[in-house]
1. So what's Rg/Rh here for segment 1-132, counting alpha carbon atoms and using the Kirkwood radius for Rh?
2. The chain: D in µm²/s via Stokes-Einstein (Kirkwood Rh, Cα pairs, 25 °C, 0.890 mPa s)?
3. Please report how far the C-alpha centroid of segment 99-119 lies from that of segment 36-55, rounded to the nearest whole angstrom.
4. Please list the non-local residues whose amide H lies under 5 Å from the amide H of Ser82, H modeled 1.01 Å from N, same-chain partners needing a gap of 5 or more.
5. Quick one, can you get me the convex hull of the C-alpha atoms of segment 96-220 expressed as volume per residue in Å³?
6. Here is the link list: Lys97/Lys190; Lys124/Lys170; Lys170/Lys195. Which ones come out longer than 24 Å on Cα distance?
7. Would you please put 183-196, 220-233 in order of how densely packed they are, using the mean number of other Cβ atoms within 10 angstrom per residue and starting with the highest?
8. Hey, what do the phi angles of segment 65-74 turn into as Karplus ³J(HN,Hα) couplings, whole Hz, using 6.51/-1.76/1.60 and θ = phi - 60°, x for Gly and Pro?
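Read-outs: derived from the displayed coordinates by stated rules, not from any lab. Bear in mind that the values here come from a model prediction, so they are computed numbers and not experimental data. Here the Cβ positions follow ideal geometry from the backbone for every residue, glycine too, while neighbour counts run over all protein chains shown.
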Amino acid sequence: MRLEDILFSQGFGTRRVCAGLVQQGFVSVAGSVCDDPGTFFQPEGLVFKVQGVDWPFAERAYLMLHKPTGTECSQKPSTWPSIYTLLPGPLRTRPQKAAVQGVQAVGRLDQDTTGLLLLTDDGKFIHRMSSPKHHVPKVYEVTTKYEILPDQVDRLLAGVVLDDDPKPVKAAACEAVAPLHLRLTLTEGKYHQVKRMVAAIGNRVEGLHRSTIGGLSLPDDLAPGQWRWLTADDLALMAVRAAKA
Ligand code: URA
């Protein structure tokens, strides 16, 4: 693939802009500047540098973000800054892949929820991870306003009725790990589901953090607002979990 096309596919701008970056000597491959936009490289496994920053070629982008509080999971946020402002420019401007308009969050978290968020431009992955059919478990750490009673845990496990559906929704797992700390596992993703389920048992969510999706947990060293690429191991882990569920 031509270097200019490689840069274009990774979101570095129009073909003209990408050719300009190369011609101006801003791009290096394997430690040497390459200033000919037409030079061919095998893209798989290629790591190139643009203006001193390493960039691994990725046919599809798979990322995790530690969503901080006070951010919206929308491209066009209404009140709070968008989570997409936390990603580097090329990840926000990758060309559209099939039906997916660039890199997108896999599901959404509320503005005041923190924790693990996956992003990708792979439509099949988004579908598999979000579809209720695949039952991908998501673990939430919930800080409650009132002390959690054993009966409240039992009710979440048995199923509670929310206002938009007569069919009860159940927690796949639920435990009180401290008087005001509930660990709740859900396999669906209804609107404000944790907050509404906790309200339905007569308690209230004061803080919400997603720690795990499928077999993947938020790493301790990924600070709020930071992102990283998903590794092949991360992806394999999720594929297995999703397939088994
Ligand atoms: N449930 C909620 O209520 N909010 C979230 O952000 C995620 C799950």
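1. Taking Rh as the inverse mean 1/r over Cα pairs, Rg/Rh reads 1.03.
2. On the way: Rh = 19.9 Å.
In µm²/s, the coefficient is 124.
3. Measuring centre to centre over Cα atoms gives 28 Å.
4. HN-HN under 5 Å from Ser82: Glu72.
5. Hull volume normalised by residue count: 116 Å³.
6. Working: Lys97/Lys190 27 Å; Lys124/Lys170 26 Å; Lys170/Lys195 13 Å.
Result: Lys97/Lys190; Lys124/Lys170 exceed 24 Å.
7. Numbers: 183-196: 16.6, 220-233: 12.4.
Highest mean packing first, the order is 183-196, 220-233.
8. For segment 65-74, the Karplus-derived couplings read 10, 8, 5, x, 5, x, 9, 9, 8, 10 Hz, x marking Gly and Pro.
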